[in-house]
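Novice: The structure is given below, and queries will be raised subsequently.
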Amino acid sequence: MVPINKTSIGVPTGLNDPKWNALKATLLTEQHAHNVESKCYRDTTINALTLLYKDKCAICERKRGMELQVDHYRPKKPRNNTTNTQYNQSGYYWLAYTWSNLIPLCSKCNNNKSNKFPLVGWTNTNRVLSHADVSGATVANHYSLAWLHQQEQPLLLHPEQDRQFEAHFSFNNDGFIEGRTPQGIETIQTYKLNRNDLRRERIKIQQNYVTAINAAIDEYSTNGNESEFRGALIATFRRIKKNMHQSEAHSLYHFYIYRYFDYYINSFLPLGLRPKTLQYFNQFKAR
Ligand SMILES: [Zn+2]
């Protein structure tokens, strides 16, 4: 997960098209009974969201070979589960067509989250229940992501509202992601970020770097050419650094690999070449 600045682009014009005015008006009168029109919120925003999120799922950062889906961060419907009422008893019907409430997810993250929306402390005390104040008047705050975030303290992290995701997560070198805060723990659990497909991708990323460096080590063992060895290592170090960029898949994981190279990569190399490889890596990092 990486920070995204949605204010850098405007609301897609299709979502604000006057042809939806009547639909949006019925949303506020019908509330939970409203039949949400996906043509309005999905078809008009999917391209802008895909572009803004660099073709990646907002949560798991997968990129390759998949279509993104438009998810309501605050679920539009209540969670009909009487044993887990703390999740989301009421739903956020009024945000069904609100740009700031829409994020792109892969189908697996979307299905896993469903309409769960837990808050800090697992209490409904701070949950905002309607688009209106006690007098029944529509309240602008109730559409503001920042205000809602402050009011409710959600446990699910949001790329457009939260920051410093490295403080919320850490990765083991066997592909497991761990939460370091209550928000990190709940985000991992809700979206199932330790599911097999994601763990496999993380392990594969790590193994690809180890394999590339091992090939350089084999070559070096044969020809003893120091500058060629150093050049091959630097090519791999550059790949890791490039993949930390926010536009790349699994960029947060790459951030960890780059920061803790010794743990993720070096510890899988032949013992005798670890000090030299680490030395070259630290030199590369210091440049
Ligand atoms: Zn995902």
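Novice: In this structure, is Ile217 assigned to a helix (DSSP H, G or I), touching a Leu at 6+ places or on another chain (Cβ under 6 Å) and not assigned by TED's automatic domain parsing to the domain that holds Ile59?
Specialist: Considered against the rule, which asks whether it is assigned to a helix (DSSP H, G or I), touching a Leu at 6+ places or on another chain (Cβ under 6 Å) and not assigned by TED's automatic domain parsing to the domain that holds Ile59, Ile217 comes out as yes.
Novice: Being among the polar types (S, T, N, Q), away from the ligand (no atom under 16 Å from the Cβ) and either in the same structural domain as Tyr73 (by TED's automatic domain parsing) or within 30 Å of Lys54 (Cβ to Cβ) (or both), is that true of even one residue in segment 103-113?
Specialist: Within segment 103-113, not a single residue is among the polar types (S, T, N, Q), away from the ligand (no atom under 16 Å from the Cβ) and either in the same structural domain as Tyr73 (by TED's automatic domain parsing) or within 30 Å of Lys54 (Cβ to Cβ) (or both).
Novice: Step by step: first the residues of segment 115-138, then only those that are closer than 12 Å to Leu156 by Cβ and of a type outside the set (A, V, I, L, M, F, W, C), then the one that is surrounded by the fewest Cβ atoms within 10 Å (Cβ to Cβ). Which residue is that?
Specialist: That would be Asn115.
Novice: Now a separate question. Quick one: which residue in Tyr253, Tyr209 is touching a residue at least 40 places away in the same chain (Cβ under 8 Å), farther than 19 Å from Glu166 by Cα and touching a Lys or Arg at 6+ places or on another chain (Cβ under 8 Å)?
Specialist: Only one candidate passes the filter, namely Tyr209.
Novice: Could you check, for segment 105-122, whether at least one of its residues is part of a strand (DSSP E or B) and closer than 24 Å to Thr44 by Cα?
Specialist: Yes; the residues of segment 105-122 include at least one that is part of a strand (DSSP E or B) and closer than 24 Å to Thr44 by Cα.
Novice: For segment 163-173, give me the residue count where each residue is part of a loop (DSSP other than H, G, I, E, B), modelled with pLDDT of 95 or more and touching a helix residue (DSSP H, G or I) at 6+ places or on another chain (Cβ under 8 Å).
Specialist: 1
Novice: Hey, another quick one. Please indicate, with yes or no, whether at least one residue in segment 205-213 is modelled with pLDDT of 95 or more, of a type outside the set (Asp, Glu) and more than 29 Å from Met66 (Cα to Cα).
Specialist: yes
Novice: Right, something else. All but one of (1) surrounded by fewer than 20 Cβ atoms within 10 Å (Cβ to Cβ); (2) within 16 Å of the ligand (Cβ to nearest atom) hold for Phe169; state the number of the condition that does not hold.
Specialist: Checking Phe169 against (1) surrounded by fewer than 20 Cβ atoms within 10 Å (Cβ to Cβ); (2) within 16 Å of the ligand (Cβ to nearest atom), the one that fails is (1).
The values are calculated or read from the model by the stated rules, or taken from the named source; none is laboratory data. Just so we're clear, the structure is a prediction, and the values are computed from it rather than from any experiment. Here the Cβ is made from the backbone with ideal geometry for all residues, glycine too, and neighbour counts use every protein chain on show.
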